[in-house]
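Student: The structure is given below, and queries will be raised subsequently.
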Amino acid sequence: MSPPAPRPALRLIKGTLDEAPGWSWFCGHCAAAPSRQLVSPLTRVCGSCGMGLLLETRSDAAPGSDDAFLVIDSRLTVQAVSRDAERLLGINEDEMVDGPVTQFLGAADAEAREPEEFLYLLHRASTGADELHSVFVRPRNAFGVRIVARIAPCGPPRAALVVLGRQAPRSGLRVVSDD
């Protein structure tokens, strides 16, 4: 009779998932962080600008003071617009709030493999997914413009945060002016 085969030893291995991100608060209008860490449901108006509500998002997605961003609800309508987003898109906040996001932003490539990916990611972020994604978008009234959009959840109430930033120019291209 042969001796029993040794049993494989169990060991703990490090998972492939990263640590869960931290969360931080920001103003839905000017992106200012609140002066104190505890935010009360009764005092959610921004102390810096007095115009925006304080929202919470992943720390790695929180907009900076000079970032253009929008807050989109689960109906895919715009609920908040930063001052810089108004400037970048050339549209006043009054014209954007409660309007469908597709009226202002769309897929950057007309022949993209999945142009609806942008809307899918917005819906996922606004209904429960906690991931951070990046896609290229463009203003609906402009072609040839590519803007990087970081999409993450925010709230309360639950919504999608879209932080807009310009893509770095491709190498080998140069700017030609009329001067």
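Student: Yes or no: the stretch 36-48 includes at least one residue that is modelled with pLDDT of 90 or more, of a type outside the set (D, E) and either surrounded by 10 or more Cβ atoms within 10 Å (Cβ to Cβ) or under 21 Å from Q79 (Cβ atoms) (or both).
Tutor: No, the stretch 36-48 contains no residue that is modelled with pLDDT of 90 or more, of a type outside the set (D, E) and either surrounded by 10 or more Cβ atoms within 10 Å (Cβ to Cβ) or under 21 Å from Q79 (Cβ atoms) (or both).
Student: Name the pairs: first residue in the stretch 137-152 and surrounded by fewer than 17 Cβ atoms within 10 Å (Cβ to Cβ) and modelled with pLDDT of 90 or more, second residue part of a strand (DSSP E or B) and among the polar types (S, T, N, Q), Cβ to Cβ under 9 Å, at least 6 apart or on different chains?
Tutor: Every condition considered, the pairs that remain are V148/S134.
Student: Among the residues of the stretch 117-154, which ones are more than 12 Å from the chain's Cα centre (by Cα) and either closer than 19 Å to G28 by Cβ or of a type in the set (D, E) (or both)?
Tutor: Result: E117, T127.
Student: Can you name the number of the only condition in (1) without any contact (Cβ under 8 Å) to a residue 40 or more places away in the chain; (2) in a strand (DSSP E or B) that E95 fails?
Tutor: So E95 meets the others, but not (2).
Student: Taking the stretch 65-85, which residues are at pLDDT below 95 and at positive phi?
Tutor: Hits for the stretch 65-85: nothing passes.
Student: Just for the stretch 103-128: of the residues that are at pLDDT 90 or above and outside any helix (DSSP H, G or I), which one is nearest to G165 (Cα to Cα)?
Tutor: L105
Student: List pairs: first residue in the stretch 107-130 and over 14 Å from R158 (Cβ atoms), second residue at pLDDT below 85 and outside any loop (DSSP other than H, G, I, E, B) anywhere in the structure, Cβ distance under 8 angstrom, at least six positions apart or on different chains.
Tutor: Listed by first residue and then by second, the contacts come to P115/A107; E116/A107; E117/A107; F118/A107.
Student: Considering every residue within the stretch 54-63, establish whether at least one is touching a helix residue (DSSP H, G or I) at 6+ places or on another chain (Cβ under 8 Å), touching a residue at least 12 places away in the same chain (Cβ under 8 Å), within 20 Å of P157 (Cβ to Cβ) and not in a strand (DSSP E or B).
Tutor: Within the stretch 54-63 (the criterion being touching a helix residue (DSSP H, G or I) at 6+ places or on another chain (Cβ under 8 Å), touching a residue at least 12 places away in the same chain (Cβ under 8 Å), within 20 Å of P157 (Cβ to Cβ) and not in a strand (DSSP E or B)), the answer is no, since none of the residues qualifies.
Student: Mind listing just one residue for me: the one in the stretch 153-178 that is modelled with pLDDT under 90 and touching a strand residue (DSSP E or B) at 6+ places or on another chain (Cβ under 7 Å) and, of those, nearest to A20 (Cα to Cα)?
Tutor: This residue is G165.
The values are calculated or read from the model by the stated rules, or taken from the named source; none is laboratory data. All values reported here derive from a predicted model rather than from experimental measurement. Using ideal geometry, Cβ is built from the backbone for each residue, glycine included, and neighbour counts are taken over all protein chains shown.
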